[in-house]
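See structure below.
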Amino acid sequence: MGDTQWWRHAVGYQIYPQSFLDSNHDGVGDLAGVETKIDYLQSLGVDFVWLASFYPSGQVDNGYDVTNYRDVDGQYGSLNDFNRLVAALHAAGIKVVIDLALNHTSTQHPWFQAALNDPTSPYRDYYIWRPAQPDQLPNNWESVFGGSAWTYDAASHAAYLHSFAEEQPDLNWENPAVRDEMAATIQWWADRGVDGFRLDGVTHLKKRQDFANVANPKTDYYQDVTGVDTFLAALKPVLQRNQLLAIGEAGGIDMDTAQRWLAPTTGFFDLLLEFDHVHFWETADSKLPVAALRKTLSKWQFNLEGRGWNSLFIENHDLPRAVSYYGNDVDYRRRSAKALGLWYLLMKGTPFIYQGQELGLPNAGFDKIADYRDLDSRLYYQQQRAAGIPEKVILRQLAAKSRDNARTPMPWTHQQFGGFSDVQPWIDMTPGFEQVNVERESHDPHSVLTFYQQLVRLKKSVPALEQGRYELIDTQDDQLYVYRRTLNGDNWLIVVNMSNQVATTQEFDLNTSEMIFTNLPVDSDSDDPQIQPWEARLYHLRKLE
C-alpha cells in the first residue's frame, strides 16, 4: 500500500507549463519541456510537482476556461506527452499533482454549447440559468473580474451565471450529474498515473439558491454558503479509492471549516491552500506588517496542530513574486529571498515552491498595458481608466500586483529569451534574467538556488523541522519573526528579521544554541543580538529553557 500520507514528508514544486520550457520552438512552454528538466527538479530535492492547468481551453483565462477535461491542449503537447512525462517523473521518484477547475468550464465546452443551443438539453442543467431581460438581470451578483456575474442569452430570455469571466460559465453543482462527471474525470486521470489533484476554487461551488440581492455582490452569493460539504463528499470516494492527494484551494474559509475539511477520517482534503497570509501586501504601502503576519500564520499553525496539516507557500501562479511583495527586491533581493525561504519553509507543514521562486526572481515590472496577457489585469486597466484613474497610477499598481509577474518565462540561462525558447516567448521575460537564471545560480555557492537546495535537505533530514511542534516566540515588534520547532526534546530556533532595519533580540537567549544555517556569510557572529536587515538564522538549541 505504501505511505498514504507521503505528502507530510514532501516538498512540492508548482510548474506553470506555459512558462517553464519551450521544446518545440513556438514560444510556449510544453509538457515535453518539463520532461527535459526532471534532473533540475531532482537537484532541488522536490517530491512532487503540481502542474497548473494544461487542458484544452479557450485561453481566455490562461487555461482555466476548460473545453475538455480529458485531454491536453495542443500548445502543451498530447496525451502521449503527458503519459511519458508522468512515467519519467515517477522513474525519478517524483509524484504528479494536476489542477482541476471545478467551478466552471469554457463557453466553448461541448456541455455549454449544448445547453446554449437547446434549452431542453440535459446539459442545460449543468449550468446556472435564471429568467432575465436585457435590462433586468437576475440580481446584483458581481464577477470576481468586475461587472455583473450574469450574461444574457436573447434566444432563451435567460442569463447564465459566471463568477469569473463571461466565457467561464459556472457549473451547477446542485445537479448530481455534474458531480458524477467530475468524479469520473478524477478517475480517468488516476488511471493515467496521477498521484493527486489541486481542486480549484472549491469555495465557489455552492451558491445561494434564493438568488436574492446581497450586501457584498462580489462574494456574499457563494462565500460561507452552507451545503458545499455535500458536493465535496461526492468526490471523496474516488479520491480515497485511488489514494490521491487532495489539495483544496479554499480562499476565505474560517478555521472551523478548515478543521472540518482537514479532519483525518471525516474531512475531504489532505491540504488546503488558504490566503490569509498573502493579503497583507495588497493594502500595505511599503512596510510589511510583520506583527500581523505572525498572528495570522501562527493562528493556522496552532489551530491545525493535531487536527490537520498546513500548506506552506508564499508564491503561486495567481500571486506576484514574494521577494517583491514580502521582501526587498531593490536593496536586498538575494538576502531577502533567502530569508523568506527559511522563514516559511521551516514551519510545520508541506512546503510548495513556485517555479522561479528558488532563484529569487522579482516582479516583471511591465510598464505598458500591451505587455500584459492576464485577463484580470487587462480588465482592471480598462475599468480604472473608465473611472478616470491616470494611466501611470494603474500601471504602477499592475507592476506590483498583476498575476503576470509570476507567469513570465523561467530563466534557465543568460542567453536571449533565457534559454526558455529560441523564439519570442508568449510573454516577455522578467528584466534582469541575464543575471538571475538557473545556469548562473547553479554555479554560485552563495546563490538563492543553492540556499533553497540546502533548505530542502534540512527540512527533510531533521525530524523536528518536519514533524515537530511550532511554537511562536512573540517579539512584540514589527520586524522579527521568531519561532521554535520541537520534537522529543530536540529543539530548533528560527530567527528572521523581515525588515530593512537592524533588529535586536530581546525575548530569547542565543547563548544556549549553535547556529546551523544563515543567509549571511558564515563568519558572521552567531551570538550577536543585532540581527541585520533581512538576516535569517537557524539555531539548534542545546537546551530548552
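No lab work stands behind these numbers, since they all come straight from the coordinates. What you see is a predicted model, and the numbers here were worked out from it, not measured in a lab. Please note: Cβ atoms are built from the backbone with ideal geometry, for glycine as well, and neighbour counts cover all protein chains shown.
Brief remarks follow.
- Two-site FRET efficiency, Asn213 against Phe275, from Cβ-Cβ distance with R₀ of 25 Å, rounded to 0.05: 0.40
- Under 5 Å from the amide H of Leu245 lie the amide H atoms of Gly196, Phe197, each residue being 5 or more positions distant or on a separate chain, with H modelled from the backbone and absent for Pro and chain starts.
- Computed 3J(HN,Hα) for the range 365-376, one whole-Hz value per residue from the Karplus formula 6.51 cos²θ - 1.76 cosθ + 1.60 where θ = phi - 60°, is x, 4, 10, 9, 5, 5, 6, 8, 10, 5, 4, 4, glycine and proline marked x.
- Packing here is the average count of other Cβ atoms within 10 Å per residue, and on that basis the peptides 37-49, 316-328, highest first, run 316-328, 37-49.
- Prolate is the label for the chain. Its Cα gyration tensor axes, ordered a ≥ b ≥ c, give a/c of at least 1.5 and a/b above b/c.
- Fully extended contour minus Cα-Cα distance, from Ala91 to Gln415, at 0.36 nm per residue: 113.6 nm
- Placed amide H near Asn491: partners under 5 Å, 5+ positions off or other chain: Leu541
- Under the criterion of Cα pairs below 8 Å and six or more residues apart, the relative contact order for the chain equals 13 percent.
- Spatially proximal aspartates and glutamates relative to Lys295 (Cα-Cα < 18 Å; intrachain offsets below 8 disregarded): Asp254, Asp256, Glu274, Asp276, Glu282, Glu305, Glu471, Asp474, Asp477, Asp478, Glu507
- Calculated mean residue ellipticity at 222 nm for the chain: -8000 deg cm²/dmol, from DSSP H runs with n ≥ 4 weighted as -39500 (n - 2.57), summed, divided by the residue count and rounded to 500.
- For the range 235-314 and the range 121-182, distance of Cα centres in Å: 29 Å
- Among the listed pairs Lys299/Lys460; Lys218/Lys338; Lys206/Lys401; Lys95/Lys207; Lys37/Lys299, those with a Cα-Cα distance over 26 Å are Lys218/Lys338; Lys206/Lys401; Lys95/Lys207; Lys37/Lys299.
- Rounded FRET efficiency, nearest 0.05, which uses the C-beta distance separating Asp39 from Val423 and R0 of 25 Å: 0.55
- Here the contact order of the range 110-161, divided by its residue count and restricted to Cα pairs under 8 Å and six or more residues apart, works out to 31 percent.
- Gain upon complete extension [Asp256, Arg307; 0.36 nm per residue less C-alpha separation]: 17.3 nm
- As a rough guide to protection, the peptides 462-475, 191-204 ranked by mean Cβ packing within 10 Å, highest first, stand as 191-204, 462-475.
- Calculated FRET value between Lys295 and Asp229, using beta carbons and R₀ = 30 Å, to 0.05: 0.60
- Principal-axis tilt of helix 290-304 within the chain, Cα atoms, nearest 10 degrees: 70 degrees
- In sequence order, the range 513-520 has phi-based couplings of 9, 10, 6, 9, 8, 7, 9, 9 Hz under the Karplus curve 6.51 cos²θ - 1.76 cosθ + 1.60, θ = phi - 60°, and Gly or Pro positions carry x.
- Ile473 paired with His446, simple spin-label distance in nm, labels 7 Å along Cα-to-beta-carbon: 2.7 nm
- Taking Cβ atoms as reference points and 10 Å as the exclusive limit, the residues near Lys95 contribute a net charge of -2, counting Lys and Arg as +1 and Asp and Glu as -1.
- Its residues counted as N, the range 148-219 yields a C-alpha radius of gyration over 2.2 N^0.38 Å of 1.37.
- For the pair Glu166 and Gln383, the difference between a 0.36 nm per residue extended length and the Cα-Cα distance amounts to 76.6 nm.
- Over the range 469-541, Cα pairs under 8 Å with separation of 6+ residues give a relative contact order of 33 percent.
- Averaging the Cα positions of each part gives two centres, and for the range 1-71 and the range 391-420 these lie 19 Å apart.
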